[in-house]
Every structure is written in structure tokens, then in C-alpha cells.
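The values are calculated or read from the model by the stated rules, or taken from the named source; none is laboratory data. Just so you know, these numbers come straight off a predicted model, no measurement behind them. Using ideal geometry, Cβ is built from the backbone for each residue, glycine included, and neighbour counts are taken over all protein chains shown.
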Amino acid sequence: MNITSKRIELYALGLSVTFGLLACAGDALESGVDPFAPMVFKEGATAMPLNPPNKSTTVPFYVSQQTVFKFAVDTDSILIGADGVTRYTVILTSPNGNDQVQYEGIRCDSYQWRLYGTFENGAWKENPLSNWRDIQIHSPNRYQAALAQGAFCSFNSQEKNLKTIVRSLNPNSFTGGTKPTNSMGIVD
């Protein structure tokens, strides 16, 4: 063998080893990174709203026949986060007319909600004990479930289109807390 053929042989061997190593680097079993493993949730930074709810963009929504409260969401406040959290301002109105305004978030992947803060005495106050809680589906005041089921989530995925969410919140077509109907399809 001459020197040129040895060089070509060594060059070919070097290329095959390099490509072999590159192929192993992308292998989940070799790299230790499993592409099918569940992702660890990392929440993005959440800033409190700067303003109170805007009355002109507040939309009421139906929750359940058992509740005595009225519920509305400020559509201007809805933020679809890249971290998988949909943040919004909700207004809860008691039977005597008192309003409680809250800034919250919903995660569709885990079906959880979080209270970030409340609007009290003309200012937003952050909730220092804020943590993720399971959304309750069998309580009378299940407004987080109604919002998740009717507007913010598509099964266990976050709805990414704000226009779709706002359209879903339309009181005439909202399905989050489906109103009972009689056999003729008339809402009771």
C-alpha cells in the first residue's frame, strides 16, 4: 500500500468514527434526554395588572344553577402566556352587589388555577401565599372550571388564539357552565 491509500483509509475511518459519535449524541438513550418524558413546568414572571377592570370589555359568563354569585371576565386582561398559563381578571359579584376583583391564572395541562392578587381600595395587592390549586368541577362557584372548559382550554391544551377565547366567552354561546334546557332545547 502506498501512503496515499493509507491516508484515504485513515480519513475514511476518522469520518466514520465522527459520524458514529454524532449519531449517538442525538440518541435519547445515549444522551440521557428523553424526548417523551414529561416536561417540568417553569412558570414565567407574572406582573400584576396596572389598571382596574375595564367595564366596557367585561363579559359575564354562566357558571352553575347552584351559585348565587355572578361572574364576569375582563377580556382586555386576558394574557396567553408562553409558559402555558392563561392569566385574566375576574369579577365576582355577590347577591348584595359587592364586587371582588381577582387576577388569576389557569393551566390547562394540569387543570389548575392560581390567585395572583386582588383589587382592593383602588389598588392591586399581590397574594403572598399564591400557589397552584386543582380546579374544582363539582362546587357551585366553579368559575375556574367554567372558564377552562368553555374558553381557555381545548381539552388539556391551552387555547392560543385570543379571538377564539373572546368569541367563546360570548354569553349566547358560552359552554363552560352549560345552562340546563328543557326537552324542547329552551333554556330554563
**Item:** Test: residue in the range 121-129 that is buried (at least 21 other Cβ atoms within 10 Å of the Cβ), of a type outside the set (Gly, Ala, Ser) and without any contact (Cβ under 8 Å) to a residue 40 or more places away in the chain
**Value:** no
**Message:** Would you confirm whether or not the range 106-117 contains a residue that is without any contact (Cβ under 8 Å) to a residue 12 or more places away in the chain and farther than 19 Å from Phe155 by Cβ?
**Reply:** no
**Item:** Of all residues in the range 40-79 being among the polar types (S, T, N, Q), part of a loop (DSSP other than H, G, I, E, B) and surrounded by fewer than 14 Cβ atoms within 10 Å (Cβ to Cβ), the one that is modelled with the lowest pLDDT
**Value:** Gln65
**Complete:** Residue hits (the range 80-106; surrounded by 19 or more Cβ atoms within 10 Å (Cβ to Cβ) and at pLDDT below 95) are Gly84
**Message:** Name the single residue that is farthest from Ile106 (Cα to Cα) among those in the range 151-174 being loosely packed, with under 13 Cβ neighbours inside 10 Å and at pLDDT below 85.
**Reply:** Asn172
**Subset tally (residues that are under 16 Å from Val63 (Cα atoms) and hydroxyl-bearing (Ser, Thr, Tyr)) for the range 90-112** = 2
**Fill in**
Residue hits (the range 95-139; part of a loop (DSSP other than H, G, I, E, B) and touching a Pro at 6+ places or on another chain (Cβ under 9 Å)) are Gly122
**Request:** Considering (1) at pLDDT below 90; (2) within 18 Å of the chain's Cα centre (by Cα); (3) hydrophobic (A, V, I, L, M, F, W, C), say which one Met184 fails and leave the rest.
**Result:** (2)
**Request:** For the range 80-89, name all the residues that are within 19 Å of Asn127 (Cβ to Cβ) and either in contact with a Lys or Arg (Cβ under 6 Å, 6 or more places away or on another chain) or part of a strand (DSSP E or B) (or both).
**Result:** Val85, Thr86, Arg87, Tyr88, Thr89
